[in-house]
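Have a look at the structure below, then the notes.
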Amino acid sequence: MQRLVAQQFCRQDWSRADSQGCQMVEASLQLLGWSAKRRVMIVRQRIRGGTARERRVDDKQLRLDLAGPSVHEGDRLWEYAVLVTDVNYPLESIGQLYRDRADAENAFDELKNQWGLGGLTTPDLNRSQTVARACALVYNRWSWYCRAAHPTGRLEAITSRPLLLAAVGKAVSHANQTTLYLTLLHGRTDVLRRLIANIGAALGYIKAAAQQYKDLDRRGCLLRHIGDRIAPLIGPARPPRGLPATG
């Protein structure tokens, strides 16, 4: 596989960089045990700030390292991925298709490894279902909470929990109003201030709406508010170019 990637260094027909900065070319590959050659897509992405590492062979000749997930071309550092596929979609559609698939799998990986869903082992189906539903409920609520704090992108639990839970709160009631004061204990205080300000703005929006509509679905209103903040950043949905129509 590394030899295949190295053979693409001199190619001049790399596709234009997409929104993620990825370039692609098409090739064929037959690994040991395969009965025939298969279509592969080589995807490369420039690593920002990366420089090619060099090592000396027998303390004399300098040589570029080609081991690991990254390989080097000249003085630029790239990260490569090789995608094996049998579909006839265009190059740009293949790259986006695999990114969407990986993004969908991230949620399952987070549930199993960061929320403990993969650590439950019991032959009792009812207990397993109860724990799974409780875990999914907590995961869903925390995901919306993080999106209210950071609508421009998702925050993983492994970083968001120590970040957003590192505070001591004190509730003060006066004149039929309760104010929550937070003392930040995390080192990234500047980031936390912005995140908490976004959460406060979302709760303030719900409070103002609830004063006008007594029978307001507050949870649904909150989710719509967060979705409205996300949607302008995502833009309108567009089907991938070159994909066949469904139905």
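The values are calculated or read from the model by the stated rules, or taken from the named source; none is laboratory data. Computed from a predicted structure; not experimentally measured. Reconstructed Cβ throughout: ideal geometry from the backbone, glycine too, with neighbour counts over all protein chains shown. The area values use the complete protein model at the heavy-atom level, side chains included, leaving out ligands, DNA and RNA. Shrake-Rupley method; radii C 1.70, N 1.55, O 1.52, S 1.80 Å.
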Notebook entry, point to check: With labels modelled as points extended 7 Å from the Cα through the Cβ direction, what inter-label distance (nm, one decimal) is found for L120 paired with V87?
Noted result: 3.3 nm
Margin query: Test of understanding: what is the full-extension gain from N176 to D13, defined as 0.36 nm times their sequence separation minus their Cα-Cα distance?
Written below: 51.8 nm
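Probe radius 1.4 Å, ligands and nucleic acids left out: which of D86, D13 has the largest accessible area, and how do the rest follow? It would help to have the intermediate numbers written out before the result.
Details: D86 145, D13 90 Å².
I get D86, D13, largest accessible area first.
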Next item on the list: Mind giving me the nanometre distance, one decimal, between the label points for Q2 and W34, set 7 Å out from Cα along Cα→Cβ?
Entry: 1.9 nm
Check: What nm distance separates the two modelled labels at N106 and S143, each placed 7 Å from Cα along Cα→Cβ?
Finding: 1.2 nm
Item checked: Binned Cα-Cα distances of segment 106-228, short to long, each 5 Å bin given as a whole percent -> 2, 9, 16, 17, 17, 16, 11, 7, 3, 1, 0
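What is the magnitude of the charge dipole of segment 67-166 about its Cα centre, with +1 placed on the Cβ of each Lys and Arg, -1 on the Cβ of each Asp and Glu, and no other charges, expressed in debye to the nearest 20?
Around 640 debye, computed over segment 67-166.
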Margin query: Heavy atoms of the protein only, probe of 1.4 Å, neighbouring chains included. What is the accessible area of R219 in Å², nearest 10?
Written below: 120 Å²
Note to self: Tell me the accessible surface of K37 in square angstrom (1.4 angstrom probe, heavy atoms of protein chains only), to the nearest ten.
What the structure shows: 140 Å²
Item checked: Accessible surface, 1.4 Å probe, highest first, among residues T121, T152, T179 -> T121, T152, T179
Notebook entry, point to check: What figure in square angstrom, to the nearest 10, would you give for the accessible area of L223 with a 1.4 Å probe?
Noted result: 40 Å²
Next item on the list: List every residue whose amide H lies under 5 Å from the amide H of R154, counting only residues 5 or more places away in sequence or on a different chain, with H placed 1.01 Å from N in the peptide plane.
Entry: none
